[in-house]
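Below: one structure, written as C-alpha cells.
Here, each number is a calculation from the coordinates, and none is a lab measurement. No experiment lies behind these values; they were computed from the predicted model shown. Ideal geometry is used to build each Cβ from the backbone, glycine not excepted, and the neighbour counts take in all protein chains shown.
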Amino acid sequence: MPSCIHGGFKYGLLKPTYTLLNNLFLVFILNVVFFCLFQYTIWNFVPKNLFEQFRRIANFYFLVIFLVQLMIDTPTSPVTSGLPLFFVITVTAIKQGYEDWLRHKADNEVNGAPVFVVRSGSLVQTRSKNIRVGDIVRVAKDETFPADLALLSSDRGDGTCHITTASLDGETNLKTHYSVAETTVCQSVSQLESLQAVVECQQPEADLYRPLGPENLLLRGARLKNTKEIFGVAVYTGMESKMALNYKCKSQKRSAVEKSMNTFLIIYLGILLFEAILSTILKYAWQAEDKWDEPFYNQKTEQERNSSPILKFISDFLAFLVLYNFIIPISLYVTVEMQKFLGSFFIGWDLDLYHEESDQKAQVNTSDLNEELGQVEYVFTDKTGTLTENEMHFRECSINGTKYREVNGKLVPEGMTDDSPDGSTPHLLGEELLFLKAVSLCHTVQISYDQPDCPVGGGDPFSHANGFSSNHMEYYASSPDEKALVEATKRSTRVSLFALRYKLLHVLEFDSDRRRMSVILQTPSGNSTLPYTVCFKGLRTLVVACRHFSPEEYIDVDRHLNAARTALQQREERLQEAFSYIERDLHLLGATGVEDKLQDKVQETIEALRLAGIKVWVLTGDKHETAVSVSLSCGHFHRTMNILELLQQRSDNECAEQLRRLARRAIQKKAPKIKEDHVIQHGLVVDGASLSLALREHEKLFMEVCKNCSAVLCCRMAPLQKAKVVRLFKTSPEKPITLAIGDGANDVSMIQEAHVGIGIMGKEGRQAVRNSDYAIARFKFLAKLLLVHGHFYYIRIATLVQYFFYKNVCFITPQFLYQFFCLFSQQTLYDSVYLTLYNICFTSLPILVYSLFEQLVHPHVLQNKPGLYEIKCIHSFNIELHFTMFGNWTFGTLVFTVMVITVTLKLALETHFWTWMNHFVTWGSIAFYFIFSLFYGGIIWPFLHTQDMYFVFVHLLSSGSAWFAIIIIVITCLFPDVVKKIFYRHLSMLTLDCSEMKQRFLSSKIADKGF
C-alpha cells in the first residue's frame, strides 16, 4: 500500500489515524467534513442551548423575575412567570434543535456517501468517512471525488481524465488531468495492490493548485467527466482537503427588525423600572400617615416592625417589579421565530418562483431575514450566469474581410438570405474552408457518446463519422466559447467536408498572459499550427490564424517544446519562450463572435427594481467592452444615459482628480433636470484596478459619485473586491439594506457580506446556493421575491412586533392604575391563571395567523406597480382605558374580558386579507376564553390550593350591567381606530394614485429615451 507523508492537524471531534514511517509519528485525520455550521451535539445540546437562549434580554429578564418570585413573597405565583418561560424555552429549543439536526443530516449524507476502495486485493465498498490517507480509491464517470486524490491511472491508454470543478471555482469547463507517469500502466486492482510507493507533498493548505501540480491532483468536490473510471490515492482527507480549507463558514446575520426588538425591550424595561420605582415611592408616601401604615384590618407582625427599612424598600420594589413584569412580552421571540420559520415555506410553495425547465423551486436557507427582503435599497449582481444564461451562442464571423452570420444553421454573408435548397453550405472557397477547418480543429473539446457500447476514451474517434447520428454526441469543453464554435461548425458544414484524419501532436494550452491557445496537427500534406487569440469587441471575440511548418521546422518546434516541458527549473518561463517561438509569423484567417445569451425577462426585472427605488450594481470579472455591451442589452444602462468612466487609473493622484471631474459632471447635470422636465440619468463604469485606488484613500469621493448615478458597472473585479464594494455601502452612514446575487463560487464573498445573499441555481456549481440565504433558479424571480414576498414579510413582522407591545401595555397598564385605587398594596388585578395564559393561549394565535397570511395589497398589484415597494403602511396601536367599579375579582375579570376582546378585535380591524384560518383563530380565541373561564370558575378543582375565581365569571355574565359595560367599553376603545382607519384608507388611496401617476411618468420618460 502506498504511504502519503504530510503533516496532520487535529480537528475537534475527528478521530485521527496514526502512521509510523521512518521513525516519524504522523497523524492523519479521517475523511469527515463539516460544511454546515451546526452548533450542538447530543451531549451539549441542553446546556449550550440554554446558555444561548438566556443571552436574550427577555428570557434572562423572566428568569430573574421567576427567581425573585421563588425567594420573596410576591403578589403573584411563580407559575405566572415560570410556565410561560418554560413554554418559550421549550418551543425555541425544539426549533433550533430541528434546524441543527437538518445541518447534521446534510453533512452525514456527504460523509456517508458510498465509495470503492482497494483493500485486500479487491474493490471494497465503504463510506466516504472511512477513507484514510494512503487508500487507493476508484471513481467512476459522473461521480465526485471523495477526497483530494493523486491520479494514478485511468481507463484511457494515455492515463488522462477529464473533470469539472464547478463546485470549487464556479467553472463548468472540462479540464484535463494526467496520471503520474510511473503508475499509468497500473490499471488493474492486483497491480495497484502490489504497488509500493511514497508520495511526498506539502502541508495541507488552501491553495487549490500548488501541491503536486494541477495536472495530477484531483480535488474533492470535482466531478469526473467523459472518463469511465480512474484510480487515485488519497492525499488530503477531511477538513485538510482543499475544498474544506477554502470553505468559509457563514456568519450569523441578524435582521434590522430583530436588532430593533432589543432596543424596544430595553425601552420597555426602562418603563417597567420607572413604574416600579414610582409605585414604591408612592406607597411609602401613603404610609407616612399612621392610619395608612398599619390600618386596623392589616396589623403588622413583630418581625415586620423590626425589619430594615432598606431591605423592606428593596423587597417592595421587587414585588412591584413582579407585579408589572408582563409589560415585557416573553412570547415575542418565540412567536417571531415561528412566524419566520412557517412563513418561509410560502417562498418554496410559490409556483411563480418555480422553474419548470430545470425542475427547481425557490429555496430558503435561513428564515431569519425574511423581512429584509422588503427593505432592500441596493442590489449587487454578478453578470455571467446571473444576468446571462452562461451559454455561448455563435452569432457571426469574419472570413477574409467578409462578414458572415448564421441563418438556419448555415453561414451566409451579411446582407444575403439563405436560399440553398439542399441544406448545403453555399460558396465556400479556399479561405472559408481553411477558416472552418481551423475552428473545427483548434480546440480541446471532448466528445461523449450516449450508447454504452461506444468507446469513451481511446479507439478511433472517426468510427462514428458515418452511420452514426450526431444527435447522440455530447461535447465537453474547457471553454464555453470552444464548445459554441465547434457546435456552430458542425451545424454549418457537411460531414464529408472534413472526412480527413488529423493527428494531434501538441496542445499549447491557454493562459491569461498569452490570451491564446494553439494546437499542432499532422495533416496528410504536412504540419500546421492553428492558434486562437482574444480580440476586444462587444461580443466575446476570438481571432483565428494559422502557420504551416515544413518537416524540418516541426522537428525544431518539437525539440523546443519537449525541452521546456521536461525542464526541472524555470519550467514556466521556458514554456512561455517556446510558445512565443512557435506562435509567430501567423497568417490571419478571420475572427469569430459569440454571445452569452441573456436570461428571460432580465430587462423587465431590472426596470421593475429601478421603479421600486432600488439601485442595481453589476459586478463582473469580464472585460470592459463585454460588460458594457451586456449592461446595454439587459437594460442596466440605456442608450441615452450619460456614461461616466473611471478606467485604467495608475496612481492615487490620477484617480482622485478623475473622481473630482466625475463628481462635477454629475452635479452640473442636476440643474437642467427640473428645467427641462425630463430625467437625466448617469451611469458609472469602473474597472478593478481603479476601484482599488478609489477604495484606498478616496472612499467618500467615490461614494459621492456613485450616489449621483442611477446605475454602476464594475468590471474586471476580483471576488474580494466584490465583497469590499458591498461592505462599503453596508457600513456607510445611511446604513442601507444591501442584497447580493450570484451563481458562482467567485460570488460567495459578496453573498456572505451583504445583508441578504441570494444564490442562482445556475451552471457554475452549487457553492453560491449553499452559502446564500435564499436561492432562486432565475434572475427574473428576484422581482416577485422582493416586491411581493419582501413587502408582505416586512409589513407582517413589523405589525407583529408592534401588536405584541401594544397588547402587553394594554394588559399591564390597568394593573398599574389599579394600585392608586388600592393604595399601592401590591394587590393584583388579575387571577394568576389569567396572567399565565394571556400571552400563551388567549391572544397568541390571531397575531400569528395574521403575520402569516396578511396581504395589505394584492400580489398582482404589487408586481404591476413596483413603486408601492417604497410605501410601507405600518399600523399604529392606540391604548384607550376605561374603568367601571365592581368587586376586586369581578372588576379584574371584567377588565380582563374587555382586554381580550379589545386586542383581538383591534387586530381584526387591521386585517385586510381574511382566510378561513383568520376567522377560526380570531373568533375561536374569544370563544375559547369564555369557555375556559366558565369551566375554570364553574368547577371546584381539587388540585388548586385556593380558588378565588370560583363562580366569579358566571356571576359576571349573569349581570346585565356587566354585559352593557363590556359592549360600551369595547366600542369606545375601538371607535377611534375605526375613524382613523376610514381616514387612512382614503389617504392611502390618494397615495396609491400618486404613486401610479409617478410610475407612469417615469416609464414614459424612459421609453422616450429609447430604453
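Side notes on the structure shown:
- Panel order for 367, 629, 307, by other beta carbons found within 10 Å of each beta carbon, from fewest to most: 307, 629, 367.
- Pairs exceeding 25 Å between alpha-carbon atoms, taken from 105/253; 225/403; 865/906: 225/403; 865/906.
- Efficiency of FRET from Cβ geometry, residue 391 and residue 447, R₀ 22 Å, rounded to 0.05: 0.75
- Anisotropy class of segment 745-841 from Cα gyration tensor, a/c 1.5 cut: prolate
- Cut-off under 5 Å, modelled amide H: who pairs with residue 617 long-range: 379, 380, 381
- Remark: spin-label model distance residue 106-residue 197 equals 3.6 nm, labels positioned 7 Å along the Cα→Cβ axis.
- In order through segment 957-968: 3J(HN,Hα) via Karplus (6.51 cos²θ - 1.76 cosθ + 1.60), integer Hz, x for Gly, Pro: 6, 7, 9, x, 5, 5, 4, 4, 5, 4, 5, 5
- The H on the amide N of residue 540, modeled in the peptide plane, is under 5 Å from the matching H of 594, 596, each at least 5 residues off or on a different chain.
- A simple spin-label model places pseudo-atoms 7 Å from Cα toward Cβ; at residue 70 and residue 664 they are separated by 7.3 nm.
- Close amide H contacts of residue 153 (hydrogens built in the peptide plane, cut-off under 5 Å, sequence separation of 5 or more or a different chain): 231.
- Its alpha carbons give segment 545-610 an Rg and a Dmax of 22.1, 65 Å.
- In sequence order, segment 332-347 has phi-based couplings of 4, 4, 5, 5, 4, 5, 5, 5, 5, 5, 6, x, 5, 5, 5, 5 Hz under the Karplus curve 6.51 cos²θ - 1.76 cosθ + 1.60, θ = phi - 60°, and Gly or Pro positions carry x.
- Taking the Kirkwood radius as Rh and the Cα radius of gyration as Rg, segment 576-676 has a ratio of Rg/Rh equal to 1.12.
- Taking the average, over residues, of other Cβ atoms within 10 Å as the packing measure, peptides 98-107, 380-389 rank 380-389, 98-107 from highest down.
- In plain terms, the bigger the Kirkwood radius, the slower the diffusion; for segment 318-377, with that radius from Cα pairs, at 10 °C and 1.306 mPa s, Stokes-Einstein puts D at 110 µm²/s.
- 19 Å Cα-Cα threshold exceeded, pairs from 383/780; 95/340; 437/597: 437/597
- Counting other Cβ atoms within 10 Å as a rough exposure proxy, the listed residues 217, 311, 848 run 311, 848, 217 from fewest neighbours to most.
- Inter-probe distance in nm under a simple model that places probes 7 Å from Cα toward Cβ, at residue 288 and residue 971: 4.5 nm
- Whole-Hz Karplus values for segment 136-149 come out as 9, 10, 9, 10, 9, 4, 6, 8, 8, 6, x, 7, 6, 10 Hz, taken residue by residue from phi with 6.51 cos²θ - 1.76 cosθ + 1.60 and θ = phi - 60°; glycine and proline positions read x.
- In this structure, the residue pairs whose Cα-Cα separation is over 19 Å, taken from 129/228; 361/615; 615/722, are 129/228; 361/615.
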